[in-house]
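First up is the structure itself, then whatever we jot down about it.
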Amino acid sequence: MRNEEEDFKKSKITKDSLRREIKRKRDNLTPDEVTEKSKLVKEKLLSLPEFKSARIVAFYVSLKKSNEVETGDMIREALRMGKIVLVPITDTVEDKIVFSEIKSLGDMMLGTFDILEPVPEMRKIFSNEAIRLIVVPGIVFDLEGYRIGYGLGYYDKFLSGLAKYVTKVGLAYDFQVVEKIPVEGHDVRLGKIITDERIIECND
């Protein structure tokens, strides 16, 4: 038991240090770098056969102040293609996220953690079973498809409830991908990671 506790503490320390290190690099990107790299990621996402065939796609809504890979143009393009686009709503009472359809980015307002969420009167919640492809944020990713997020666990909880047929895609700048990160029991693997430089296949 003591060894397990020590391993967990070491794992947490390593995760926290990786999170800080990579987040610092991301914070140092210029607005032009974010725009250009995000455009390259978008082109690769749109080229995926799984994206082309998915009728219902769930996106995270990028947070500009965090320099996340921008998803706004991806969402607009998916809507233009006639896809049903879902975005998350954070329920801090039940400690979970749910996904609602949006018809336009104009149907959004500032919500939890200052992330844009659908305005209440426009919300249409979809079940997990409806999703065919989900685009996932993160701070650090590894080549096996594991990720380090912001440490709140919302996405790990949601991803663990998705069926195996759902394509799980992480979006990142290439420097956010490392060879291996410490894995805990609740961590969920992604099937693909798309960066500005490559598409990483993480399936067994």
Revision key, fill the gap. Residues of the range 141-166 with backbone N under 17 Å of the label point set 7 Å from the Cα of Asn203 along Cα→Cβ are 144-146, 163-166
Revision key, fill the gap. Taking the dipole of the chain about the Cα centre (Lys, Arg +1; Asp, Glu -1; charges at Cβ), the one of Ile22, Gly72, Leu171 that reaches farthest to the positive side is Gly72
Revision key, fill the gap. Here the range 123-134 yields Karplus 3J(HN,Hα) values (6.51, -1.76, 1.60; θ = phi - 60°; whole Hz; Gly and Pro given as x) of 6, 9, 6, 9, 6, 4, 5, 6, 6, 10, 9, 10
Practice item. Grab the beta carbon distance between Val183 and Lys96, set R0 = 25 Å, and tell me the FRET efficiency rounded to 0.05. Key: 0.70
Point to revise | Long-range amide H partners of Ile148 with built H, under 5 Å | key: Ile139, Val140, Phe141
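Could you sort the peptides 105-113, 143-151 by per-residue average Cβ neighbour count (10 Å cutoff), highest mean leading? It would help to have the intermediate numbers written out before the result.
Details: 105-113: 13.3, 143-151: 18.1.
Packing order, densest peptide first, comes out as 143-151, 105-113.
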Review point. Which whole-Hz couplings ³J(HN,Hα) result when phi for each residue of the range 144-160 is put into the Karplus expression 6.51 cos²θ - 1.76 cosθ + 1.60, θ = phi - 60°, listed in order with x for Gly and Pro?
Key: 8, x, 7, 9, 10, x, 8, x, 9, x, 4, 6, 4, 5, 5, 4, 5
Review point. According to a simple spin-label model (label point 7 Å from Cα along Cα-to-Cβ), what is the distance in nm between Arg123 and Phe175?
Key: 3.7
Revision key, fill the gap. With label points set 7 Å from each Cα along the Cα-to-Cβ direction at Ala130 and Glu43, the distance between them in nm comes to 3.3
Review point. If you look at just the Cα atoms of the range 35-145, how large are its Rg and its Dmax in Å?
Key: 13.7, 41
Check your understanding: So which residue, out of Ser62, Ser127, Ser100, gets the largest mean-square fluctuation from a GNM of the chain using Cα contacts under 10 Å as springs?
Key -> Ser127
Study note, to complete from the structure: Listed by chain and number, the lysines with an alpha carbon less than 22 angstrom from that of Lys164, same-chain partners under 8 positions apart left out, are Lys52, Lys83, Lys96, Lys192
**Study point:** Rounded to the nearest 20 debye, dipole of the chain from Cβ charges on Lys, Arg, Asp, Glu
**Key:** 300
Check your understanding: Given [x] 1.09; [y] 0.95; [z] 1.32, which label gives Rg/Rh (Cα atoms, Kirkwood Rh) as computed from the coordinates?
Key -> [y]
Exercise for review: Go through the range 61-68 residue by residue and turn each phi into a ³J(HN,Hα) via Karplus (6.51, -1.76, 1.60, θ = phi - 60°); whole Hz please, and just put x for glycine and proline.
Suggested key: 9, 5, 9, 4, 5, 9, 6, 5
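Throughout, read-outs are computed from the coordinates displayed, never taken from laboratory work. Because the structure is a prediction, the values reported are computed rather than measured. Note that each Cβ is placed from the backbone with ideal geometry, even for glycine, and that neighbours are counted across all protein chains shown.
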